[in-house]
Each structure stands twice: as C-alpha cells, then as structure tokens.
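Visitor: Just passing along the structure, written as structure tokens.
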Amino acid sequence: MMHAGNTSSGSSQTRWVRLVVYCGLACLWGLAALSAVSFRDRTTELDHQLCGVWGCSPPVAAVVSCHLVWGLILLPLAIYVCANFSIRIVRITGMTTVCVACCAILVLVVYEYFHWYTFVQPASRVYFGRRIALSLFSQIDFPIIPLLLMGLGVWWVSFIRPTQVVSPANHEREHLRSSEELASS
C-alpha cells in the first residue's frame, strides 16, 4: 500500500527525468544551431556565380545558414503545436502559416515589380521569374521559405495524425450522460 509521502517522490522523480530530457533537447538544439551558423563559412562553386540581368546572389552558404537558423527557431514551435493541440488547431495553424508565407511572397513580387521590372530594359523583363527566385532565396530578414516549409509540414501532420478513436461503448456512455444532463436541467 502506498503512503501519501511516496507519491511526491514519484512526482519529483518524474520532474527530474523531464528536466534531464529538456536539458538534453536544449543541448541538441544548441548544437544544431551552432552547426547551422558554422555552415556559413563553407565556400561553394556557386558563390557569386548566380549572376545575370536579374542580379547577383550573395554567398549561397551564408544564405542557407540563415534559412537553417530560422528553421531551427520555428521547429520547436511547430513540434509544440503538433504535439499539444487538437487536429483542428494544428490544421488552422498550418494553413495560417502557409497563408502568411504566400502573402509575403506576394508582397515580394509586388515590390520587385515596382523596383526592378519597371526600370529594366524590355528585353530583360523575361528574367522577372529569376529575379523573384533570387529575391525569395536571399530574403533572410523575414523567414518566407522556412515559414512556408513549416506551415506545409504542420498542415501535413494534421492530415496524417490519427484522431482519437472513441469506442462504441464509450460513445454510448457519453451519449447517455449528456442526455441525462439535458433531462435534469
């Protein structure tokens, strides 16, 4: 037979295990962030090679490093939402995040239209798609690509995560309980 004093030690033990797990996850996240930031120092053959009428790209490794850091910032939020909220909330969060990213892409397209497309020679306007791709890739101040990927991932999880299956016996009990509550009121 358990005494009241023993339940607190079990709860305390659970807290310590949880603390160790969270510290381990924080260390893993820190190592991943350090790896992402150190990725910027790599030199690739594509650095400053993606040049044309549409503009020149910054060093590819530096931009990828920034996108990875944004992804590491957003990843714990996505995991938390997927693990702790209902499928409906997860789906709404995913759709909202995708909509925010699409609105940001639309703003970027409008900006580039008024600041690039209208000022270049008519023969160069065929490169507008490449200019948009370059601007989207090199946009690191606002995480458009990581937001889009996170939103699509969260939205996808809302479709593959199983819903809670209610057994027929539990469903009938819940139905009887709710009908009794209605009858008593």
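Visitor: Restricting attention to region 80-90, report how many residues are farther than 14 Å from P162 by Cβ and either of a type in the set (S, T, Y) or surrounded by 13 or more Cβ atoms within 10 Å (Cβ to Cβ) (or both).
Guide: Counting residues in region 80-90 that are farther than 14 Å from P162 by Cβ and either of a type in the set (S, T, Y) or surrounded by 13 or more Cβ atoms within 10 Å (Cβ to Cβ) (or both) gives 4.
Conditions (1) closer than 24 Å to L149 by Cβ; (2) modelled with pLDDT of 75 or more; (3) in a loop (DSSP other than H, G, I, E, B); (4) touching a Pro at 6+ places or on another chain (Cβ under 8 Å), marked per residue:
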{"position": "N6", "(1), (2), (3), (4)": "no, no, no, no"}
{"position": "V20", "(1), (2), (3), (4)": "no, yes, no, no"}
{"position": "G24", "(1), (2), (3), (4)": "no, yes, no, no"}
{"position": "L50", "(1), (2), (3), (4)": "yes, no, yes, no"}
{"position": "A62", "(1), (2), (3), (4)": "yes, yes, no, no"}
{"position": "C66", "(1), (2), (3), (4)": "yes, yes, no, no"}
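Visitor: Any residue at all in region 95-117 that's more than 21 Å from W29 (Cβ to Cβ), part of a helix (DSSP H, G or I), within 17 Å of the chain's Cα centre (by Cα) and hydroxyl-bearing (S, T, Y)?
Guide: Here is the first cut: in region 95-117, the ones more than 21 Å from W29 (Cβ to Cβ) are 95-96, 98-117.
Narrowing further to those that are part of a helix (DSSP H, G or I): 95-96, 98-117.
With within 17 Å of the chain's Cα centre (by Cα) added as a condition, the list becomes 95-96, 98-105.
Still in the list and also hydroxyl-bearing (S, T, Y): 96.
So far as region 95-117 goes, yes, one or more of its residues are more than 21 Å from W29 (Cβ to Cβ), part of a helix (DSSP H, G or I), within 17 Å of the chain's Cα centre (by Cα) and hydroxyl-bearing (S, T, Y).
Visitor: Among all residue pairs at least 6 apart or on different chains, which show Cβ distances below 6 Å where the first residue, located in region 63-88, is within 22 Å of Q139 (Cα to Cα) and the second is outside any helix (DSSP H, G or I) and of a type outside the set (F, W, Y)?
Guide: From residues that are within 22 Å of Q139 (Cα to Cα), the pairs are C66/I140; W70/P143.
The values are calculated or read from the model by the stated rules, or taken from the named source; none is laboratory data. Source: prediction; values computed, not measured. Note: ideal-geometry Cβ built from the backbone for every residue, glycine included; neighbour counts use all protein chains shown.
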